[in-house]
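Everything below concerns the one structure shown next.
The values are calculated or read from the model by the stated rules, or taken from the named source; none is laboratory data. For clarity, every value in this text was computed on a predicted model and none was experimentally measured. Every residue, glycine among them, receives a Cβ derived from its backbone with ideal geometry; neighbour counts consider all protein chains shown. All accessible areas refer to the heavy atoms of the entire protein, side chains included, with ligands and DNA or RNA removed. Shrake-Rupley method; radii C 1.70, N 1.55, O 1.52, S 1.80 Å.
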Amino acid sequence: MKKKYLLYLILVLSWVILWGCATTSSNANADVIGTLTPVPPDFAGQTNPFGEEAAVAGAAVFKNNCESCHGRQGHGDGPAGTALVPAPKNLALLQTMTGDDYLFWRISFGKDGTAMIAWKDVLTEEQIWQIIAFIRTLE
Ligand code: HEC
């Protein structure tokens, strides 16, 4: 009788351990960021014409326009973003999963149904590329 219970215990324990392994090995980044909309053809394939050096100027533009919601390191934890639904995205994470073309299109046109406005009405294209160079430095 006792042996039978022990066997059950071992069975349950191994199930719990296996389940734990399965959930931690799933793609955690993709879970946080979700599915991204494909880049519209007019923007697809664009790369930053100003290069990595633009990150220095981009840091200042980001600080003035994006930090309040996205946070200093772009982790989506700025003070103005805490009450927003959906919350501002973690840009440090997002940038590892997407191209310059996506970022340029998304920052320019914003995202309907969220607090993310179309920045093409506020910033120049050069400033947006500078921000993208800065976002590329975030971890
Ligand atoms: C008023 C708060 C606010 C400000 C300011 C703001 N954002 Fe956002 N941002 C958001 C929110 C909210 C989202 C939507 C998150 C989502 O859909 O999950 C977002 C989403 C994004 C996304 C990802 C959208 C996606 O899902 O593909 C990028 C990239 C981004 N912001 C960049 C910027 C940049 C760059 C600036 C500054 C020029 C900026 N944001 C300023 C609130 C803000």
Open item on the list: Exactly one condition in (1) open to solvent by 40 Å² or more (accessible area, probe 1.4 Å); (2) among the polar types (S, T, N, Q); (3) in contact with a helix residue (DSSP H, G or I) (Cβ under 7 Å, 6 or more places away or on another chain); (4) within 12 Å of the ligand (Cβ to nearest atom) is false for Gln130; which is it?
Closed with: (1)
TODO: Within region 36-58, track down each residue that is of a type in the set (A, V, I, L, M, F, W, C) and within 12 Å of the ligand (Cβ to nearest atom).
DONE: Leu36, Val39
TODO: Working only within region 118-127, note down all residues that are within 7 Å of the ligand (Cβ to nearest atom) and not in a helix (DSSP H, G or I).
DONE: Leu123
Open item on the list: Exactly one condition in (1) under 23 Å from Pro38 (Cβ atoms); (2) buried (at least 18 other Cβ atoms within 10 Å of the Cβ); (3) among the small types (Gly, Ala, Ser) is false for Gly81; which is it?
Closed with: (1)
Open item on the list: When the residues of region 66-78 are narrowed to those that are touching a residue at least 40 places away in the same chain (Cβ under 8 Å) and open to solvent by less than 70 Å² (accessible area, probe 1.4 Å), which ends up farthest from the ligand (Cβ to nearest atom)?
Closed with: Gly74
